[in-house]
Amino acid sequence: VRFRRFVAGAIGLALLSGCATVEPPAVTGGAAAPPTLAYRIAQSLTTEVGPRLAGTPREAAARDWAVRTLKDLKFTHVRVEPFTFQGWVREREEAAIVSHGNQALAVAALGGSISTPKAGITAPVAFIASYDDLLLAPPGAYAGKIAFVNDRMKAARDGSGYGIAVRKRSRGAIEAAKRGALALVIRSVGTDNTRFPHTGNMNYDKSVKKIPAAAVSNADADQIERLNAMGMPVQLKLTLKTRAVPNAPSGNVVADIMGVEKPQEIVLLAAHLDSWDLGPGAIDDATGVAIVTAAALKAAGPEMKPKRTIRVVLYGAEEVGVHGGDAYAKAHASDLKNHVMATEADFGTGRVWRFASKASAADLPFFDSVAAGLRDLGVERGNNESSGGADIAVLGKAGVPIVGLTQDGTTYFDYHHTANDTLDKVDAAALEQNVEVYARVARAFANR
Ligand SMILES: [Zn+2]
C-alpha cells in the first residue's frame, strides 16, 4: 500500500473506474468498503496536487485538476473564471527562545506578514494573556518588545471558539504596532496540543506601521507561558522572509449539470480549491470539493436531468482574503436573481448536524420542509441567520437564498491551516453522510 500510494498517475484514472490504488480506512464496525467517489476525489486532489497556495503554480495545477475531473464526471460548461489579487509567499521562518539557551520554536508566518530584517528581530517578550488585554494596553506599552498573545482556542461542535480566538491573528499586528511592538507572535489559533503551528491570514491597516507576525505551536506557546509564570524574562528571536506577489493569478472553476425545465435557474454548491501552503489541505478544503462534487451528481441522478441547473463552484484564493467569492459575485452580478439557493462545504468532514438558512418569510415553509427531510440523518433545524460560508456570504447579502449545513467541527481546529491537515484525518463514513445531506438539499431545490 505504501508503495502504491505514490503511483500518483494511476489515482486520476482510478477516480472514474472506481478501482482505487489505496485502500480506504476501515468503516467502523464492518469490513472495509470500497472507496466512494467523494473519498476518491479528496484523495486525488490532496495526493496529485497537494498543497495549493492561492496565486501559485500549485493553485493553477489544482484548477487544471478540477477542470479535468469535472469534465470526466460529465459536468458541462466546465470553465475557469480568472481573476488576479495581491499574493504572498513564505520563504523562511525561524523562531527561538534565546534567553534560555537557544530553544527553537515551531513557528509559521501569518499569511500576508512582512519580513523581519535579514538578521531577525531579537527582543524581550511582552507576555499578553489575551487579545482583550492587548486592546486594553495603552500606547507605547510594548515599545521595543515582541508582543506575545497567549489566548487558547476552545473546541466546540459548532466551531464557535474560532471567531473569538481568530481576532488576535487577523488584527493582532495592527493593535500591537499601535502600542509600539516590534513584532507579533501569537499562540496558534487551534485546539491541538502538538508542535504544528497554525497559519492563516492577517491584516494591516494603512495608517499603522506594519510589523512582522507569526504563530508558534500550542506546545511551544506553553513553553513561553511557563517561563513567564516562573517570573523569568523571556527573549525571543524571530526571523521571517516572505514575498508579496503583485497581480497573482487565480480563478474560480465553475461547472454545471444543466436543468431541463428551468436551466437559467441555478442551485449553487460551493467549496474552495486553494489551501494553505503548509500541507495538502485535506479537511480544508479538499473534502468540501469532494462533498459538493459528489452531491451534485447524486442530486442530479443517473439521468443527469434536474429541473434546474445544479452548479458546482470551486473557488480560488479563499484562504488569502475570499477573493474568489468577490470575483464570482461581480462576474455574475446581473444573474444573481436566478440563483435560487447557495450552500457551501468548508468545515471538514464531521457529520452535518444542523440545517440553518437565510430565506424570505414567504420561502421559510419550503426551507423547513427540506430540513425536515434530513431528520433521519441526524440533522436538526437551525436559525434563519446563516451566512452559508465565506465564499457565498456575499451572495447571501445580495439576496440569494442560503442554506448553511453545520458540520461537527469538534476536531476541525486540531488540523486547520497546519502541515498536519492530511488525508488520514478524513472520516470516510462521515464524508458519505455529508454527501447524502448536500445531495438531498440540492435535489430539493433543483426539483422544487
Ligand atoms: Zn477553508
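The values are calculated or read from the model by the stated rules, or taken from the named source; none is laboratory data. This is a predicted model, so every value here is computed, not measured. Heads up, the Cβs are rebuilt from the backbone with ideal geometry, glycines too, and the neighbour counts pull from every protein chain shown. In case anyone asks, the SASA skips ligands and DNA or RNA and just uses the protein heavy atoms, side chains included. Shrake-Rupley method; radii C 1.70, N 1.55, O 1.52, S 1.80 Å.
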Value of [θ]222 nm, deg cm²/dmol, for the chain, DSSP H segments ≥ 4, -39500 (n - 2.57) each, nearest 500: -8500 deg cm²/dmol
³J(HN,Hα) computed for each position of segment 37-47 - Karplus, 6.51 cos²θ - 1.76 cosθ + 1.60, integer Hz, glycine/proline x: 4, 4, 4, 5, 5, 4, 5, 5, 5, 6, 8
What residues qualify as long-range amide H neighbours of Gly87, i.e. H under 5 Å apart, gap of 5 or more or another chain, H built at 1.01 Å from N? Val245, Asn247, Ala248
In units of 2.2 N^0.38 Å, the Cα radius of gyration of the chain is 1.01
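Need the full-extension length gain, Val260 to Lys154, defined as separation in residues times 0.36 nm minus the C-alpha distance. One decimal, nm. It would help to have the intermediate numbers written out before the result.
Numbers: separation 106, 0.36 × 106 = 38.16 nm, distance 4.71 nm.
Length gained, Val260 through Lys154: 33.4 nm.
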Quick check: at a probe of 1.4 Å, how many percent of the accessible area of the chain sits on carbon and sulfur atoms? 55 percent
Bridge type composition, segment 80-196 - antiparallel percent by DSSP, nearest 5: 25 percent
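Treat every Asp and Glu Cβ in the chain as -1 and every Lys and Arg Cβ as +1, leave all other atoms uncharged, and give the resulting dipole magnitude about the Cα centre to the nearest 20 debye. Show your work: numbers first, answer last.
On the way: 51 positive and 46 negative charges, 139 e Å.
About 660 debye.
In Å, the Kirkwood hydrodynamic radius of segment 286-346 over pairs of distinct alpha carbons? If you can, show how the numbers build up before the last one.
Working: mean 1/r = 0.0768 Å⁻¹.
When all Cα pairs of segment 286-346 are included, the Kirkwood radius is 13.0 Å.
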0 to 90° range, to nearest 10: angle between helix 57-72 axis and the chain longest Cα axis: 10 degrees
Give the Debye-formula value of log10 I(q)/I(0) at each listed q (0.18, 0.20, 0.25, 0.26 Å⁻¹), with one equal scatterer per alpha carbon of segment 351-416, two decimals each. -0.68, -0.81, -1.06, -1.10
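What relative contact order, as a whole-number percentage, does segment 313-448 give when Cα pairs under 8 Å and 6 or more residues apart are counted?
Working: 188 pairs, mean separation 45.7, N = 136.
It comes to 34 percent, rounded to a whole number.
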Could you check what % of the DSSP bridge pairs in the chain are antiparallel, to the nearest 5? 55 percent
In nm², the average projected area of the convex hull spanned by the Cα atoms of segment 31-95 is 7.6 nm²
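Once you've got the Cα coordinates, tell me which of Lys71/Lys307; Lys74/Lys425; Lys71/Lys168; Lys206/Lys397 are over 31 Å apart.
Flagged as over cut-off: Lys71/Lys168.
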Hey, what do the phi angles of segment 99-113 turn into as Karplus ³J(HN,Hα) couplings, whole Hz, using 6.51/-1.76/1.60 and θ = phi - 60°, x for Gly and Pro? 7, 10, x, 9, 8, 5, 10, 7, 9, 9, 4, 7, x, x, 5
Report the per residue volume, in Å³, of the convex hull enclosing the C-alpha atoms of segment 267-406. 113 Å³
Using only the heavy atoms of the protein chains and a 1.4 Å probe, how would Lys74, Lys178, Lys168, Lys206 rank by accessible area, largest first? Lys206, Lys74, Lys178, Lys168
Please report, in Å, the Rg and the Dmax of segment 55-138, where both are computed over Cα atoms only. 21.4, 61
So for the pair Ala398, Arg92, with labels modelled 7 Å out along Cα→Cβ, what separation do we get in nm? 4.4 nm
Accessible-area ranking of Arg440, Arg40, Arg92, largest first, probe 1.4 Å: Arg92, Arg440, Arg40
Where the Cα pairs of segment 186-247 fall when distances are cut into 5 Å bins, in %: 3, 14, 19, 21, 19, 13, 7, 2, 1, 0
